[in-house]
Each structure stands twice: as C-alpha cells, then as structure tokens.
Amino acid sequence: MKLHEKIYHLRTEKKLSQGDLAEILDVSRQSVSKWETGASVPDLDKLVKMSDLFGVTMDFLVREEMEQNDVGEQNPIEKPHGDDEKGDVLTNTVIVKETLPVRKLFGALLFVSAFIFLFLAWPLSVFAVLLGVICFVFQKHTLLWCTWFTYFSLDIFLITGTGINRRVVFSPHAYSEWGVRILVHWTYLLLLVALIVWTVYTFRHVRYAVTPRRKIAFSFGWIMAFGVLPVVDLILSWLVSKKLTEFSGGAFVVTSELYEQYSSYVKLMSAVSFVTEWIQIVVLPILLVITVSWIRVRREKASL
C-alpha cells in the first residue's frame, strides 16, 4: 500500500473529511487532496503530525512494503499495559478539539447572536453575521482578520455616529482644550498603529523575490496611496469648502440650515475622505510586508 492510499484509509477510518484533516495539519484542503491522489507528498512535519494523529509509526506511513493490517493491530506505538483506555481517551479528545476549532465555535455563536440582534439592532446583526463568516472562511490568522473587520466597523460607527476621528490628533486646533476627547482620538490612532504592527509581524517571514516589475509596482503603490490619493482628497475638500463658502455669502460658516440644504456636498467629501483613508490603511501593511521581505532577501543574499 502506497503513502497516498494509507492517508486516505486512515483519514476515513477516523471519519475525518479532507477539510478536517487540513485544519488539523494547518494546510489547505487542496494539499490533502493532492496527497491522497499521489500528486504530491507531505512534508516531514506533516507526516509526524499524521503519525501522532492516526496512532501509527512513521515506518507504516512511508514504507510501501508494509501491507495494511487492521489499524487497531497496526499500531506500533507501544503503551504501558493498563494505559490503553487512557490513551484512547486522550486521542479522541485531541481529534474532537481539532475537528471543532474555536474559530468555528465562535462563528456559530456569532450567527446565533445575529438572530437575537435582528430584533434589537439590525446593524449589530449584520456585523455579527459578517464576523461569523470571517471565522469560517479564514483558516489562518482568524483573530487578526476579525480584529481588522471589527476596527473597520467601529470606524464607520464612530465617524458617522460620534465624530471621533484619528485625523484630529494632527490638527493644532484639537489641542486648544485638553480633555477626555483628545485622549480618545489618540487611543483610536494608537490602536490602528498596533494593528498594522501586528499584521506586519504576522507576515514577517513572507518572501518576495525582487524583480524589476515588482519594483515598479511597489513604487507605484507608494505613489498612488500616499501621493495621488491625498492630493485628490485635498482638492475635493477644497472644492467643497469653496462651494459652501459661496453659498454662505463669502464666510465659511456652516449653519444647520446651510448644512441641510447642501449636505450632499459634505457627505460626498466625507465619503471620499473615508474611502481614500482606508485604501491607505490597507495598502500600508502590504507595502511594509513587502519592504521587510525585500530587506530580508537582500540580507540573506549578502550573507551567502
């Protein structure tokens, strides 16, 4: 029996799907499918994990001349007499824990919460559903993606509902009166910085080869995100301010009546500003990860 046949047999014996085994081994389902068809071979660390999971030796997995016996009989992992029952309980406990990961349990809880929130506050219901989908879709770094989505949702709520904005900390007028509000602005900004640092640290081991095309795309990304977009935002803000100044008779005083009459201009400015800011927020970690990757690649080449 060959390796790919043994993997399929052992997996089905444990009543695990390809997706379940993929989650346990921290790989994609496609990788497990390729292993079972013989298109590829698992790495050594994955073989070790499968050996522990299925209760067989490495020899049984990799040596083709060893014929299949009953899985219960072909279990070279020796246990002291009297500990068989305890070992079986531990093995079953591990399998249940892995096949029902915390992210799926949390996602299911979010779906139940969404049904409850539907009768209380539908925006919370939408938030819970989307967060639950993230828990089920993203197998790796689930907490990171959930945190990003939570911060994005909180950003929408704070800007539209409270007026709290991290940009305020860069305005000199914000420091005319110190208080809790300015501390909230700073805390909100520092949370974003911490989230970006967390993202870059998580993907610090990613490697990208330095090619001329990637250099051009890398430079273009920096220019577009932090050169062109801020200029577009600034021009739009200036045009809206100019328009409101004309409507108010030469003085930029936005009264409640003026705002109600020309609120579409202000909303357009706010929407564009929000979109451009989040494009910058998303692009910045990507560019930083690529930068760290290129620095590591250059250092590795220099050390050779």
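FYI, it's all coordinate maths here, none of it is from the lab. No experiment lies behind these values; they were computed from the predicted model shown. Neighbour counts run over all protein chains shown; Cβ positions are idealised from the backbone, glycine included.
Overview of results
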item: Candidate set: region 22-47, residues that are of a type in the set (Asp, Glu) and outside any helix (DSSP H, G or I); chosen: the one nearest to the chain's Cα centre (by Cα); result: Asp26
item: Whichever residue in region 9-21 is surrounded by fewer than 19 Cβ atoms within 10 Å (Cβ to Cβ) and in a helix (DSSP H, G or I) and, among such residues, is nearest to the chain's Cα centre (by Cα); result: Gly19
